[in-house]
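The values are calculated or read from the model by the stated rules, or taken from the named source; none is laboratory data. Keep in mind that this is a model prediction, so the values were computed, not measured. Cβ placement follows ideal geometry from the backbone for every residue including glycine, while neighbour counts extend to all protein chains displayed.
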Amino acid sequence: MAYQFRKQRFQRNQRILTPAQFKFVYANKQWGNTKMLTFNALYDEKLKHKASKLGVTVSKKVSKLAVRRNHIKRLIREFYRHNQSQLKATQVVITAKPAAKVASNEEINAELQELWSKLMKWQRWNIKQNQKQKNREKNQ
């Protein structure tokens, strides 16, 4: 039973940790948003057979209280942990907006669900674009 939980853990190699890694994803300029959340995403061929990576940012503009910022981060990480199997070879940074400050857990989860559907749509589009580019390179 303990093995099952270990398998679902949000491990260190699944996280975006350093400022350089965050900047690398932000520089890609592919993003989507909802009222309370924004995602920046980068399709990474190097991650093709590995787990995708997540970075979470919640600034002091969202809440001055570290307890509230950490609570929002936990909600985002938990949602990602349950849905990460749908994501393929992608680095994602999810940023909370100030509107998340007064939202309930249910509202944040609804926003995460909406953001996730946009992310999945982006992923399908991005994979098609990469396949088209590879086909063009083969034909040249």
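Taking every residue in the stretch 89-105 that is closer than 23 Å to LYS46 by Cβ and pairing it with any residue that is part of a strand (DSSP E or B) and among the polar types (S, T, N, Q), at least 6 positions away or on another chain, the pairs with Cβ-Cβ distances below 9 Å are GLN91/ASN40; VAL92/ASN40; VAL93/THR38; VAL93/ASN40; VAL93/THR57; ILE94/THR38; ILE94/ASN40; ILE94/THR57. Only residues that are within 20 Å of the chain's Cα centre (by Cα) and in a loop (DSSP other than H, G, I, E, B) were counted across the stretch 62-74, and they come to 1.
Every residue, every condition in (1) surrounded by 12 or more Cβ atoms within 10 Å (Cβ to Cβ); (2) modelled with pLDDT of 90 or more; (3) not in a strand (DSSP E or B), yes or no:
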residue	(1), (2), (3)
VAL92	yes, yes, no
GLU106	no, yes, yes
ASN109	yes, yes, yes
GLN113	yes, yes, yes
TRP116	yes, yes, yes
LEU119	yes, yes, yes
TRP122	yes, no, yes
ILE127	yes, no, yes
GLN133	no, no, yes
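For the stretch 56-79, filtering for residues that are crowded, with 20+ Cβ neighbours inside 10 Å and under 29 Å from GLN131 (Cβ atoms) leaves 0.
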